[in-house]
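Below is one structure, written out as structure tokens; comments come after it.
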Amino acid sequence: MKDRLQYCLNWRKNVDIYLANKEIFKKTDDEYYRTRPLLKLILDIYFIPINFLKLLKFIRMIHEYNKNQIEIKVLTKELFHEEIRKVND
């Protein structure tokens, strides 16, 4: 269980880094296309299918992130109770 908890914590850390970098990329993208609105519109229309798939992938990742948060809580509780049982025995 400790290994699984460590894996979940590492995964959460990696996703947090990914989301932070995604936010930086979005700000950079907005800044770049601020002076090129026509290009942005054309590219947005052209890439609608790909952007839709990226959105679905992002939604799935957020869902897994939320499940991971719950798994971390459950594993932490289980490990805590396991330690208490060891101390009491």
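Treat the count of other C-beta atoms within 10 Å as a stand-in for reagent exposure and order VAL15, VAL87 from fewest to most.
Working: VAL15 15, VAL87 7.
Sorted ascending by nearby Cβ count, the order is VAL87, VAL15.
Exceeding 19 Å between C-alpha atoms, which entries from my cross-link table qualify? They are LYS22/LYS73; LYS2/LYS57; LYS13/LYS67.
Correct reply: LYS22/LYS73; LYS2/LYS57.
What value, in deg cm²/dmol to 500, does the helix sum -39500 (n - 2.57) over DSSP H runs of n ≥ 4 give at 222 nm once divided by the residues of the chain?
-33500 deg cm²/dmol
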Worksheet item: Within straight cross-link reach of LYS26, meaning Cα distance under 20 Å, which aspartates and glutamates are found once same-chain residues fewer than 8 apart are removed?
Response: ASP16, ASP44
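Out of segment 12-51, which trypsin sites (Lys or Arg not before Pro) are coil in DSSP terms and have no more than 11 other C-beta atoms within 10 Å? Please report the intermediate quantities before stating the final value.
Details: sites: ARG12, LYS13, LYS22, LYS26, LYS27, ARG34, LYS40; in loops: ARG34.
Here the sparse-neighbourhood loop sites are ARG34.
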Worksheet item: Rounded, prolate or oblate: which fits segment 1-51 when a ≥ b ≥ c are the square roots of the eigenvalues of the alpha-carbon gyration tensor, with rounded for a/c under 1.5 and prolate only if a/b beats b/c?
Response: oblate
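Using only the Cα atoms of the chain, build the gyration tensor, take square roots of its eigenvalues as a ≥ b ≥ c, and label the shape rounded, prolate or oblate: rounded if a/c is under 1.5, else prolate if a/b is larger than b/c, else oblate.
Judged from the Cα gyration tensor, the chain comes out prolate (a/c at least 1.5, a/b above b/c).
A short reminder: the numbers here are calculations on the coordinates, not readings from a lab. What you see is a predicted model, and the numbers here were worked out from it, not measured in a lab. A quick note on method: Cβ atoms are made from the backbone with ideal geometry, for glycine too, and the neighbour counts reach across all protein chains shown.
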